[in-house]
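Working notes, beginning with the structure itself.
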Amino acid sequence: MFLAVLVRRLRDDATFEAFVDAWQAEPDHFGQKVTVTHARNIEDPREIVSYAMIDTDRATLDAVLQRTAQGEAARHERIAPLIASTVVKGIYEIASTHDLT
């Protein structure tokens, strides 16, 4: 299982709603179920964490990334005018999970 994580800072004149509208992927862009969560920092709502849990193996992940590269580039171009900076960007293989309830 993999976790895709991006931490971005919106420009002063950008809204969260405008970011989400520009970020939205085309229907069936990934060709499989991918659920993304966006979260705003409670102390600085211009800072947005976006993450996706990707339940697949490495070969399938690599194939999806290759197949969607052009569409991902277009989506990132759409949001670029709204983003002041990207602090973290990566796909991580989940190494451990802990239930702390």
Wholly inside region 1-85, strands (runs of 3 or more DSSP E) that include 2 or more residues that are over 29 Å from ALA95 (Cβ atoms) and open to solvent by 40 Å² or more (accessible area, probe 1.4 Å) are none
Filter region 86-101 for residues that are within 17 Å of SER50 (Cα to Cα) and among the β-branched types (Val, Ile, Thr); the one that is most open to solvent (accessible area, probe 1.4 Å) is VAL87
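The values are calculated or read from the model by the stated rules, or taken from the named source; none is laboratory data. Quantities reported herein were computed from a predicted structural model and do not represent experimental measurements. Please note: Cβ atoms are built from the backbone with ideal geometry, for glycine as well, and neighbour counts cover all protein chains shown. Note: accessible area is taken over every heavy atom of the protein model, side chains too, but ligands, DNA and RNA are not part of it. Shrake-Rupley method; radii C 1.70, N 1.55, O 1.52, S 1.80 Å.
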